[in-house]
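> Handing you this structure, nothing more for now.
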Amino acid sequence: MNVAAALRSGAQHVDAIEIDPAILLAGKTNHPERPYDDPRVRPIVNDARSFLRTTQSHYDLMVYGLLDSHTLLSQASSVRLDSFVYTVEGLREARSRLTPNGVLSLSFSVLNDALGTKIYQIDEASLSTEKKPLCFFPSYEGAQVFMQSKNGDLVDPAGGALGSPRC
């Protein structure tokens with residue numbers, strides 16, 4: 001979905017990182033717009049943190065799509081996937097791969113206010129400035145989107161965070 005949206009918006013190149021090869025295959029075979037057939041798209045099976053640690057590429061826009069944040073890393077674990085991906089260190093690594101005017105967008109499905117607050121505080125702590133991430137509430141239930149530029153200079157023209165006080 002994010003890959004097709006990037007192409008529709010005029011992206012010249014998309015590195016599509018997906019940890020699960022089955023999800024990537026499903027996108028390749030079932031997406032009606034066939035975005036993975038586009039030569040501007042490079043599908044990569046890897047986890048985002050590992051990829052960002054090893055790539056030399058820099059990006060104008062980095063989109064963390066809706067993670068299945070309620071899934072455990074294994075049946076014998078109480079560690080959720082979001083606890084591995086959404087860390088201060090992980091988001092700092094991501095920001096280090098942004099171009100000077102690049103933007104990081106993090107979408108999250110929030111089951112409760114405490115989880116939304118946790119993700120917001122992690123994103124805020126990953127910034128190297130006093131700026132705060134912008135917070136948006138899309139029209140679908142429970143979703144929050146946090147955005148900020150590499151250097152924390154992305155501002156809402158209305159003068160602050162959007163949405164409810166949870167942000």
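Values in this text are rule-based calculations from the coordinates and carry no lab data. Please read all numbers here as calculations on a predicted model, not as lab measurements. No Cβ is skipped: glycine too gets one built from the backbone with ideal geometry, and neighbour counts run over all protein chains shown.
> Please enumerate, by chain and number, the aspartates and glutamates with C-alpha under 14 Å from the C-alpha of K131, excluding those fewer than 8 residues away in the same chain.
D123, D153, D156
> For Y59, list long-range residues whose amide hydrogen, built 1.01 Å from N in the peptide plane, is under 5 Å from its own amide hydrogen.
Those lying under 5 Å, H to H, from Y59 are L98, T99.
> Expressed as a whole number of Å, what is the distance separating the alpha-carbon centroids of segment 18-59 and segment 98-162?
With segment 98-162 and segment 18-59 each reduced to a Cα centre, they are spaced 23 Å.
> Let me ask something additional. Which Cα, out of G65, H31, S50, lies furthest along the positive dipole direction of segment 21-65 (beta carbon charges, K/R +1, D/E -1)?
Selected residue: S50.
> Okay, next question. Roughly speaking, what is the stretch gain from R8 to A125, that is 0.36 nm per residue apart minus the C-alpha to C-alpha distance, in nm to one decimal?
38.9 nm
> Assuming a ≥ b ≥ c are the square roots of the Cα gyration tensor eigenvalues, decide whether segment 116-159 counts as rounded (a/c under 1.5), prolate (otherwise, with a/b larger than b/c) or oblate.
Because a/c hits 1.5 or more and a/b fails to exceed b/c, segment 116-159 counts as oblate.
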